[in-house]
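The values are calculated or read from the model by the stated rules, or taken from the named source; none is laboratory data. This structure is a prediction, so every number in the text was calculated from the model and none was measured. Positions of Cβ are backbone-derived with ideal geometry, glycine not excepted, and every protein chain shown enters the neighbour counts.
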Amino acid sequence: MCDDNGVSRFLFVPVPVVARLWPAVAIGDALAAGGDEVAWCGPESNLGPLLGPGATIYPTGKRSYREFHQSGTAAVRELWDEYVVPLNRFIQGPVDRAVAEYQPDVVVADQYALAGALAAYKQGVRWASLCAGVLELTPPAGEPGLQEFVRSRLQQAWERAGLPADDRVDLRFSPYLVIATTSAALTGPVPMPDNCVLVGAALGPRRTDPGFDWDWLDPGRRHVLITAGTLSAHLVHGFVPRMMAALEPMAGRVQAVLNASAELLPDPPPHVLVTPRIPMLELMPRLDAVVCTGGQSTVNEALVYGVPLVVAPIRLGELSVAEQVTRAGAGIAVSFAEATPAQLAAAVKALLDEPGYRTQARRIGGEFAVAGGTGTAAARLVTLAAAGRADPNDQGV
């Protein structure tokens, strides 16, 4: 429970992937700005630059995200067996020790950081799940055996933690509070877990943002961002040439920022700026369209600023996000593997020339604003902390 001065202690246990770290960092910053104490448990090399000097970090060491190769149901199995399970096996001990030493009022665990949920459960601490993607919230339908597969991996997590499985508790979704960085405008009527709050986009200052050549942007032309996010860069080699061919006839009226390494397009045409890192939140208000693979982070950042999207999903939650964006009328989905330059050009032109897409993107951005984003997430966590320590016999309620 918070102390006599109303100060609560929060321990964040994130997954060390940049797209999932930024929402957690934004919420942690908001809690700290409100006077609460915030600590982190994870790899210092990932967290240190994002959090800045003076952050309290309980180090876990680092287990990197491996490049993925599967699609469809096989991709979900690959995610769990090649990353989620090994990551949590690796960090369980350090997370247990961090909870015991820091004595937080609330553990805030990424829904894939099962070790955080287990440590909180074991030590009688209330915990919140942070869902920075929609794969688990809106799993693909018609996939026989997929949910049973996930449940078997959750069962193994209980066993590794030396605990009997509690059938009332799904480690991905806290029984106390689930914070999801999306909105009903995207998810539609899909049932959500109990105690789930949809906050929209959780955004905040980004300490590692690079500079940008703002003078390169021609105010007389339209501007398009092309990005594959943080986990798909190794797969875009075939997509980028098709995208460049699609944009070449529009060079007189369109400039494109390609968020990729220089090696991917070593000799870009004058209407294309290639840069491996961008100040995303500063650039978004200046854009007319975004082409991406459908990562929740990029989609949220675009919709906050009312920017419509061409979504070329590759795997996992990107497929659901692409469907949600198109259903909401805020963008167009294309095939990442098969879309031709003509099809890509038609999609970009539609976003630039047909105002309905931007209108719908702005509508969703407005819903995000009402949902409250970072502020709502922080406020709900403060309320949870005020409720005191968990009853070990009541964690499934």
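So, in region 276-332, how many residues would count as being closer than 20 Å to LEU264 by Cβ and acidic (Asp, Glu)?
So the answer is 1.
Scanning region 148-170 for residues that are under 18 Å from ALA120 (Cβ atoms) and either touching a Phe, Trp or Tyr at 6+ places or on another chain (Cβ under 8 Å) or of a type in the set (Lys, Arg) (or both), which turns out surrounded by the fewest Cβ atoms within 10 Å (Cβ to Cβ)?
Checked region 148-170; the qualifying residue surrounded by the fewest Cβ atoms within 10 Å (Cβ to Cβ) is PRO164.
For region 45-64, indicate whether the set of residues that are within 23 Å of ALA128 (Cβ to Cβ), at pLDDT below 95 and among the hydroxyl-bearing types (Ser, Thr, Tyr) is non-empty.
no
Somewhere in region 198-214, is a residue within 21 Å of the chain's Cα centre (by Cα), assigned to a loop (DSSP other than H, G, I, E, B), closer than 23 Å to ARG358 by Cβ and modelled with pLDDT under 95?
Checking region 198-214: not a single residue is within 21 Å of the chain's Cα centre (by Cα), assigned to a loop (DSSP other than H, G, I, E, B), closer than 23 Å to ARG358 by Cβ and modelled with pLDDT under 95.
Exactly one condition in (1) closer than 18 Å to ARG222 by Cβ; (2) crowded, with 18+ Cβ neighbours inside 10 Å is false for ALA322; which is it?
Exception for ALA322: condition (1).
Can you name every residue in region 257-274 that is free of Cβ contacts under 8 Å to residues at least 24 places away in the same chain and more than 20 Å from ALA289 (Cα to Cα)?
Selection gives ALA262, GLU263, PRO266, ASP267.
Among residues belonging to region 1-35 that are part of a helix (DSSP H, G or I) and at pLDDT below 95, point out the one that is nearest to ALA115 (Cα to Cα).
Top of the filtered list is ARG20.
So VAL307 passes all but one of these: (1) touching a Lys or Arg at 6+ places or on another chain (Cβ under 7 Å); (2) under 18 Å from THR182 (Cα atoms). Which condition number does it fail?
Evaluating VAL307 over (1) touching a Lys or Arg at 6+ places or on another chain (Cβ under 7 Å); (2) under 18 Å from THR182 (Cα atoms) leaves (1) as the failure.
Considering GLU282, GLU301, which residue is exposed (fewer than 15 other Cβ atoms within 10 Å of the Cβ), farther than 16 Å from LEU344 by Cβ and in contact (Cβ under 8 Å) with a residue 60 or more places away in the chain?
After ruling out the rest, the residue left standing is GLU282.
Inside region 369-397, can you point out the residues that are in a loop (DSSP other than H, G, I, E, B) and modelled with pLDDT under 95?
Passing the criteria: ALA387, GLY388, ARG389, ALA390, ASP391, GLN395, GLY396, VAL397.
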